[in-house]
Amino acid sequence: MTAPIARDMRAFQKRWLWAAAGALLASTALAQVPAGDAFPAKPIRMVVTFPPGGSADGVVRMLVPRLNEKLGQQVVVDNRPGAGGNVGLTLVAKAPGDGYTLGVGAAGALAANVSLYTQMPFDPQKDLKPVGMLAAIPFVLVGHPSVAAKTQRELIALAKAKPGTLSIGHGGNGTAMHLSAALFNQMAGTRLVEVPYRGSGPAALDVLGGQIPLAVVDLPSSLQQIRAGKLVAFAVTSPQRLPMLPEVPTVAEAGLPGYDSTGWFGVVAPAGTPAPVVARLNAELNAALGDEQTKTAMRALGVEPAPGTVESFDNYIRAETKKWAQVIQDAHIKLD
């Protein structure tokens with residue numbers, strides 16, 4: 001073999017070895033990332049940032065049997081409440097991005113907490129990846145029948161005539177109900193005194209008992225009493241009227257155009273979770289939410305199914321983060 005030919009052969013062998021090594025590295029990397037069709041190969045941990053028994057926990061457990069069937073693996077619910085959802089979602093943010101650890105978070109932890117807390121243990125935008133929205137939670141502005149107002153317009157006029165004398169309860173500092181009350185004050189130009197409770201139920205009970213005149217509460221804690229005439233429903237905070245209270249206007253309809261404050265929660269994964277895995281999970285969540293029996297059961301819990309794409313959920317989180325940052329800043333709300 002002549003020297004030039006030998007040099008050419010050695011150069012070819014060198015290029016082939018580099019190409020083979022590159023192909024081997026690529027195939028190894030791909031093998032470590034489960035494709036959408038191959039996922040899942042083991043049980044999935046679903047970290048729920050709410051205690052057992054609440055609406056969000058109830059919805060997740062309602063969806064789990066359907067997910068188990070469609071995914072071919074068990075979805076194991078792990079309740080980790082605390083710090084407005086930060087405790088549970090910190091675990092998710094620090095988990096491997098392989099699709100086997102998911103989190104269920106709400107508007108607080110995914111959108112508002114970055115403005116409510118001086119320091120956050122994770123960055124929702126950088127450390128988490130949206131998978132899909134699960135449900136929207138409308139709230140109701142209610143009052144005791146003794147309040148000298150029967151409509152929202154009358155209530156606003158009364159509050160302006162007596163600034164700082166009427167109190168409005170909510171489900172706890174930093175909750176969506178608290179932010180709903182703060183947004184109402186800002187848009188109405190009122191000075192309702194915002195009073196925190198440990199959840200929507202205790203707030204509704206105190207309005208029912210006359211200890212406090214007003215509250216922003218969820219449907220499960222108030223619907224029966226509204227229908228019985230024991231609570232006055234001034235308006236619902238959602239952008240549309242509710243099927244269960246069709247006669248009650250929205251806050252926007254009743255005099256505050258543009259008002260929209262809806263609680264919500266959805267599923268997120270650690271950043272770096274492969275797109276095919278996220279797409280598979282999103283598709284199965286949407287299919288489960290689209291089941292008619294599931295819809296009926298969710299609405300009985302006072303929540304509205306909210307299926308959608310990964311992109312729409314991502315855009316919604318970003319919009320909510322921006323919106324509540326302004327409300328929180330204007331209301332001077334801080335939780336630490």
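Values in this text are rule-based calculations from the coordinates and carry no lab data. Quantities reported herein were computed from a predicted structural model and do not represent experimental measurements. Here Cβ is always computed from backbone atoms with ideal geometry, including for glycine, and neighbour counts include all displayed protein chains.
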Would you pick out the residues in region 153-167 that are out of contact with any Leu (no Cβ under 6 Å at 6 or more places or on another chain) and crowded, with 22+ Cβ neighbours inside 10 Å? 155
Residue that is touching a residue at least 12 places away in the same chain (Cβ under 8 Å) and in a loop (DSSP other than H, G, I, E, B), where the choices are 125, 119: 119
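Here's the yes/no breakdown for (1) touching a residue at least 24 places away in the same chain (Cβ under 8 Å); (2) closer than 27 Å to residue 335 by Cα; (3) among the polar types (S, T, N, Q); (4) part of a loop (DSSP other than H, G, I, E, B):
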position	(1), (2), (3), (4)
40	yes, no, no, yes
60	yes, no, no, no
78	yes, yes, no, no
90	yes, yes, yes, no
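Quick grid of which residues meet (1) touching a Pro at 6+ places or on another chain (Cβ under 8 Å); (2) farther than 22 Å from residue 263 by Cβ:
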position: 133; (1), (2): yes, no
position: 153; (1), (2): no, yes
position: 163; (1), (2): no, yes
position: 176; (1), (2): no, no
position: 195; (1), (2): no, no
position: 209; (1), (2): no, yes
position: 215; (1), (2): no, no
Give 327, 303, 277 a once-over and let me know the one that is touching a strand residue (DSSP E or B) at 6+ places or on another chain (Cβ under 7 Å) and surrounded by 15 or more Cβ atoms within 10 Å (Cβ to Cβ). 303
Matching residues in region 291-313 (among the charged types (D, E, K, R), farther than 17 Å from residue 241 by Cα and in contact (Cβ under 8 Å) with a residue 24 or more places away in the chain) number 1
